[in-house]
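Reviewing the structure listed below.
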Amino acid sequence: MRERVLVPRERDIENESVAARHELLGRVDVPAGRCGTSTDKGVPERVFTLNGEIRPQIPSTPGERQFWRIVNASPDRYADLAVDGQQLEVVALDGIPLSCHDHTRHTLKLDHILLAPAGRVEAIVTGPPLGTRSSLSTRCVDTGPDGDQNSGMVLGDLVSDPEAHSSSHRVPTTSGTPMFREFSRDQIKKLETNTPDFTVVFTEDKEGFYINGEKFSMDSAPMLKVRLGSLQHWRIVNQRHELHPFHIHQTHFLAYSISGVRPDKPEWLDTVNVPYGGSVDLVTDFTDPLIRGMSLFHCHLLNHEDKGMMAKILFE
Ligand SMILES: [Cu+2]
């Protein structure tokens, strides 16, 4: 399969002329009307770019299966990605193959996938029939009454082209031994029912953004120390009226409960959306011997992180 690295970012159009702004919003098909419960006024101030371009074409021969690696590299926009007329055949989330934690799982078919800033997905997509195109777009994401509008729009168009050259590189064949990190169902279940080992509470006020009432500074002491070699139950609580994506460095976690509801299939991630007025329960994996030193966890809306919603964790 051909491999493509696709990087959605955002372009600020706030300072464009009214005419230029409308032209750009039209080019990416932003629907008229408001998106979600956000009380922020006016027209969208940002559009997504894909690999630096606004709505580029992604060539494919008809019916060709391509392997896409996507990272949401925007500082503070969610992308709820979908490809017209097909399901994404997801292979990996946040850099970890689905099979890593369950060797019987290979792909997961999804109509759409919500990527918070920093979220990654690797998926197989199929080229549309000859003479047609199929858009990669983001749906409107409701970021909550205090959040910014995250309007739906088109990021790029998958176009069928029988001549589509195959200059983009192909998925390299690997010869290594697959690595699995499988934990027993009993071990996970026990942690899920225990009281949390650590709780992260996201709050904000006019002065800034906080984790457990503390605002990050470069000389902050670690908020907690974790002895390596264990799995822990963490709970992330969002008491405010906007989304916050929780992200932790060096490790992954199983997001097994969203505001008390178990997802159909809990996934291993390193970035998870925490609903406004809600919570997420995680089993965090601190067993990898490569984990070390002073590290971080934070909200991955960079505007929040930079105003204090970040904390240090010391691995011992
Ligand atoms: Cu946040």
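Tabulated data for the structure shown
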quantity	calculated
Near pairs, Cβ below 9 angstrom, 6+ apart or cross-chain, from the range 187-215 (in the same structural domain as residue 257 (by TED's automatic domain parsing) and more than 20 Å from residue 257 (Cα to Cα)) to any residue that is in a helix (DSSP H, G or I) and among the polar types (S, T, N, Q)	209/303
The range 238-269: number of residues that are of a type outside the set (A, V, I, L, M), within 16 Å of the ligand (Cβ to nearest atom) and not in a strand (DSSP E or B)	4
Selection status of residue 211, farther than 27 Å from residue 182 by Cβ, within 12 Å of the ligand (Cβ to nearest atom) and crowded, with 21+ Cβ neighbours inside 10 Å	yes
Count of the range 277-309 residues which are near the ligand (Cβ under 10 Å from one of its atoms) and under 20 Å from the mean Cα position of the chain (by Cα)	9
Among the residues listed as 53, 16, the single one being out of contact with any helix residue (DSSP H, G or I) (no Cβ under 8 Å at 6 or more places or on another chain) and either farther than 30 Å from residue 181 by Cα or crowded, with 19+ Cβ neighbours inside 10 Å (or both)	53
Answer residue from the range 37-50, given it is of a type outside the set (D, E, K, R) and either without any contact (Cβ under 8 Å) to a residue 24 or more places away in the chain or not assigned by TED's automatic domain parsing to the domain that holds residue 71 (or both) and is surrounded by the most Cβ atoms within 10 Å (Cβ to Cβ) among those	43
Any chance residue 315 is among the aromatic types (Phe, Trp, Tyr) and either under 30 Å from residue 38 (Cβ atoms) or within 16 Å of the ligand (Cβ to nearest atom) (or both)	no
Wholly enclosed strands (runs of 3 or more DSSP E) of the range 35-152 bearing at least 3 residues closer than 16 Å to residue 9 by Cα	46-50, 65-71, 79-83, 133-138
Residue list for the range 216-245, filter: touching a residue at least 24 places away in the same chain (Cβ under 8 Å) and among the charged types (D, E, K, R)	225, 227, 235, 240, 242
From the options 316, 207, 242, 267, residue that is closer than 19 Å to residue 144 by Cα and charged (D, E, K, R)	242
The listed residue being basic (Lys, Arg), more than 16 Å from the ligand (Cβ to nearest atom) and either more than 17 Å from residue 279 (Cα to Cα) or in a loop (DSSP other than H, G, I, E, B) (or both), out of 181, 235	181
Looking only at the range 214-231, and only at residues there that are under 18 Å from residue 294 (Cβ atoms) and in a strand (DSSP E or B), the one that is nearest to the ligand (Cβ to nearest atom)	214
Members of the range 160-175 found to be modelled with pLDDT of 75 or more and within 17 Å of residue 56 (Cα to Cα), listed by number	160, 161
Hits in the range 292-316 - residues which are buried (at least 17 other Cβ atoms within 10 Å of the Cβ) and not in a strand (DSSP E or B)	300, 301, 304, 305, 307, 308, 309
Residues that are within 16 Å of the ligand (Cβ to nearest atom) and among the polar types (S, T, N, Q), drawn from the range 189-208	203
Matching entry among 21, 65, 34 (being at pLDDT 90 or above, in the same structural domain as residue 124 (by TED's automatic domain parsing) and either in contact with a strand residue (DSSP E or B) (Cβ under 7 Å, 6 or more places away or on another chain) or surrounded by fewer than 17 Cβ atoms within 10 Å (Cβ to Cβ) (or both))	65
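The values are calculated or read from the model by the stated rules, or taken from the named source; none is laboratory data. Values in this document were obtained by computation on a predicted structure and should not be read as measured data. Virtual Cβ from ideal backbone geometry, glycine too; neighbours counted across all protein chains shown.
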